[in-house]
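Worksheet: the structure to be examined is printed underneath.
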Amino acid sequence: MLIDSMTPLRPYERFDTLRQFLEHDGHVLRFYGVWDDSESMFGDVREMVLHYFLADDTIEIKEVIPYAPVGLYQPGTITDRTVLNVFGGLVGNKGRFILDNRKTGAVHREFYKDCDLRIGSVINAWGRKILLCDCDDFTKEYYKTKYGIKDFAPIPYKAPPPPKVERIYPPYHGFGSEEDSLCSCMGLLPKPPIKDFKKFMEKDRQGLESNILRFLAQFVTTDPINKDRKFLIAYFLSDDTISVFEPPQRNTGIIGGKFLERGRVKKPGQELYKSELSEYYAANDLYVGAKFPMANINIILNKLKVMGEPRSREIKQIFAATDPQFTTVIDYDKFRHLMLNISDGKLSEHEIMTLGRYYSVREENEMDSSFLLAVAQEHLKKNNIENFGQLLATFEYNDRKKCGRLASDKCRTICKSFRLPLADDLLRALLAVGEEGTRDTGSVQVALPQRGDSTLKVDGSDDSEQNRREELCECLCEDSKEQVDYKKLVDGLNWRKNPIPSFETVLMPLQYEDEWNGQPPTLPVKKIKYLPLIEDVFGLEHDTEHPTLDKC
């Protein structure tokens, strides 16, 4: 250009740095290096990060210190031009300074450029020799494109982490609890041991649910005085503590009462003064006649399968002989004797009780619809809910087929949309009671939308609307299995038109578990379904000798 070719008479110098700035603004080369200062006193190997700014060819070096990063001075801040005082002190006390275009007396200095930086190079920054060991991906791509360098093998510079020193705690000294003494050794400011508050909130007493395991125990001894003593062992799940109570017995000479204060009990055979925490009795250590937890149904089934698989057919015949009426159900006492004979005494009482509970016959409790409706009306009356007409209109609007019934989930959604003050379990119980599975199509009353509120009886007679009625009848029979008669539901909830007398609460005497008399409670299991047990243990196999075991 013309301006570049002209030699100005003014002693000023032109520097064209705008182009470099516009092309490389924000482009920074990053190198990772180390400064080995181990030869000096208290020195060590320090990690450095070198930044080379391509916009103005400046370098920044920072030491990698996690808590307080400190940067070194940037080299290249001294100007390479000589500053001349033109007038000196002739014009008052002020001088005029210009840049010497000829650089008279200037000291020639060389600065690091991007071509001088590469892995393995040593940079002298204010007397500190920094070895470049690695770089980032952008730096590798830059040198690969501009200089054609392809070898970027890093130099290992990070020292291996020191081996973790295992902290050794002093042994327990006998004062206070072991956890409290251990916490005083973990820091300068002692803190109390952390308790499992979540477990306490979940397993603490809630109403009549005590969350306490109770066992009846006796001494293992041949002493005629102590062998008949009974003890009640209570295990509190909220904090893993144990208390032992001895019920008083007449004519024994022993007063009875509290035998062991509530607290955690250590397992026997442990050293008293040691650095590790002691092991205490847990819930899985308490069982009926076993040496390890026996409440896992899968473990019991596997154990039973190993013992009875060689004579599975004989076991089936034993169950068949016990059930001559082919009801697939036997009493618990018979089931217990069978399991003891089959296992040759290898199954404990606790394991047999677990099997009995798992395969017991569960009686379904029928819900009283009047009681449920009375409770629902009580809640609706307290909250002054009277928009039953709108509720019924919404049900009829969603009943596209005009069958008078809607799906249980749909009814629940509509009730929720009206914000009825009913608990979810109460609403589900009401809908479950209202479900009807009518399949009799011989005489079904179907509401026709053309006839208003009148109903017609579909009995197979020939009529002009016979097809229409048959479609509605078929719709009703197909969809009424899990559907709710919403009109009956709304009528039952309408406490204005159909009030139900308030139910009377029968006050039963409370029976606290703490008043257990020590007698073994009766097992709530009475009947056992042995067919699923045989199927789970021995699998499916055709058997022609017993009809009930045909599937197994």
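Out of everything in segment 426-437 that is modelled with pLDDT under 80 and in contact with a strand residue (DSSP E or B) (Cβ under 7 Å, 6 or more places away or on another chain), what residue ends up being nearest to Phe371 (Cα to Cα)?
Only one residue fits best here, namely Gly434.
Of the strands (runs of 3 or more DSSP E) contained entirely in segment 10-118, those carrying at least 1 residues that are at pLDDT 75 or above and either open to solvent by 100 Å² or more (accessible area, probe 1.4 Å) or out of contact with any Leu (no Cβ under 7 Å at 6 or more places or on another chain) (or both) fall at 28-36, 45-53, 58-63.
Of the numbered criteria (1) closer than 30 Å to Tyr169 by Cα; (2) free of Cβ contacts under 8 Å to residues at least 60 places away in the same chain, the one Gln249 fails is (1).
Being β-branched (Val, Ile, Thr) and within 30 Å of Gly539 (Cβ to Cβ) holds for only one residue in Ile299, Ile254, and it is Ile299.
Which residues, taken from segment 266-289, are touching a residue at least 24 places away in the same chain (Cβ under 8 Å) and assigned to a loop (DSSP other than H, G, I, E, B)?
Across segment 266-289, the qualifying residues are Leu272, Tyr273, Lys274, Ser275, Leu277, Ser278, Tyr281, Ala282, Leu286, Tyr287, Val288, Gly289.
Contact map, segment 107-120: first residue among the charged types (D, E, K, R), second residue assigned to a loop (DSSP other than H, G, I, E, B), Cβ cut-off under 8 Å, separation 6 or more or different chains; pairs are Arg109/Ile78; Arg109/Asp80; Lys113/Asp57; Asp114/Leu54; Asp114/Asp57; Arg118/Ile149.
Out of everything in segment 376-401 that is open to solvent by 50 Å² or more (accessible area, probe 1.4 Å), not in a loop (DSSP other than H, G, I, E, B) and not aliphatic (A, V, I, L, M), what residue ends up being nearest to Val490 (Cα to Cα)?
Pass one, segment 376-401, residues open to solvent by 50 Å² or more (accessible area, probe 1.4 Å): 378-379, 381-384, 386-387, 389-390, 393, 396-397, 400-401.
Filter once more, so that each one left must be not in a loop (DSSP other than H, G, I, E, B): 378-379, 381-382, 389-390, 393, 396-397.
Of the ones still in play, those that are also not aliphatic (A, V, I, L, M) are 378-379, 381-382, 389-390, 396-397.
Working: Glu378: 15, His379: 14, Lys381: 14, Lys382: 17, Gly389: 9, Gln390: 10, Glu396: 11, Tyr397: 14 Å.
That would be Gly389.
Taken together, the criteria place Thr322 among residues that are of a type in the set (S, T, N, Q), in contact with a strand residue (DSSP E or B) (Cβ under 8 Å, 6 or more places away or on another chain) and within 23 Å of Glu349 (Cβ to Cβ). Only one entry in Leu373, Leu431, Leu426 is outside any loop (DSSP other than H, G, I, E, B), in contact with a Gly (Cβ under 6 Å, 6 or more places away or on another chain) and either more than 30 Å from Arg311 (Cβ to Cβ) or open to solvent by less than 50 Å² (accessible area, probe 1.4 Å) (or both), namely Leu373. Among the residues of segment 402-410, some residue qualifies, meaning at least one is open to solvent by 80 Å² or more (accessible area, probe 1.4 Å), of a type in the set (Asp, Glu) and under 15 Å from Leu431 (Cβ atoms).
The values are calculated or read from the model by the stated rules, or taken from the named source; none is laboratory data. If you're wondering where the values come from, they're calculated on a predicted model, not measured in any experiment. Cβ atoms come from the backbone with ideal geometry, glycine included; neighbour counts cover every protein chain shown. Just the protein is used for accessible areas: all its heavy atoms, side chains included, with ligands, DNA and RNA removed. Shrake-Rupley method; radii C 1.70, N 1.55, O 1.52, S 1.80 Å.
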